Amino acid sequence: MNGWNRSAGTDRRTTRRTVLAGATTAALGLAAGCLSDDDAEPAPDPVSIDSEQSCDNCTMGIGNQPGPAGQLHYEDPTTVLDGDDRPAHFCSSLCTYTFAFDHEDTATPEVTYLTDYAAVDYEVDESSDSDNYVLNRHLDADAFAAATGLELVVDSDVEGAMGGSIVAFSDGDDATAFSDEYGGEQYEHEDVTQELVMSLM
């Protein structure tokens, strides 16, 4: 997460920031006025993932793993999926981000979906392989939400399919309660970097 420190010059910076924010808001308002709602293409909806499906990043069976899953929707998925015309499916949030970063020179996802643990009844169990915990898996379409609207709990004591995890919540209070109990830091989707993802694998 990008952090910054307040200093003795806070008043001057705050005033300048306020002016810049106001100017940006005005510019965005003008730009929005030039576009009609008809010009914006709606993002594709999430799909249910077959439990027999293999992860498009690491090839593990998605239904055999614990924790968050993910999907990436591309305008032309054949460019990143060797000719397959479907969304890309992943066994973990880490594989979801890894695949997106690895293919960013080829294509940009129209939307990134992650399991939204604020939208499902979830259970946290002790891991059989470590001293950490694991979450149950949800693969139905309504268990996924667009990553841009989610609060992400990163590197908690709850593991995912690839070890470390990024657990997503559409409710910030749920994310805070989860991190209070299981640790981890909270991030926004746009704060996730390739370096962060690699540090969790």
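At least 2 residues being open to solvent by 50 Å² or more (accessible area, probe 1.4 Å) is the threshold, and among the strands (runs of 3 or more DSSP E) wholly inside segment 137-195 those reaching it are 185-188.
Filtered by the rule that a residue be outside any loop (DSSP other than H, G, I, E, B) and at pLDDT 95 or above, segment 64-76 gives G70, Q71, L72, H73. Scanning segment 111-136 for residues that are hydroxyl-bearing (S, T, Y) and part of a strand (DSSP E or B) yields T112, Y113, T115, Y133.
Hey, any hits in segment 90-110 for a residue that's open to solvent by 70 Å² or more (accessible area, probe 1.4 Å) and either under 28 Å from Y182 (Cα atoms) or assigned to a helix (DSSP H, G or I) (or both)?
There is at least one residue in segment 90-110 that is open to solvent by 70 Å² or more (accessible area, probe 1.4 Å) and either under 28 Å from Y182 (Cα atoms) or assigned to a helix (DSSP H, G or I) (or both).
Just one of the listed residues (V47, V80) is open to solvent by 40 Å² or more (accessible area, probe 1.4 Å), under 21 Å from T108 (Cα atoms) and among the aliphatic types (A, V, I, L, M), and it is V47.
The values are calculated or read from the model by the stated rules, or taken from the named source; none is laboratory data. Everything numeric in this text was worked out from a predicted model, so none of it was measured. Each accessible area value is taken on the protein alone, full model and side chains, heavy atoms only, with ligands, DNA and RNA left out. Shrake-Rupley method; radii C 1.70, N 1.55, O 1.52, S 1.80 Å.
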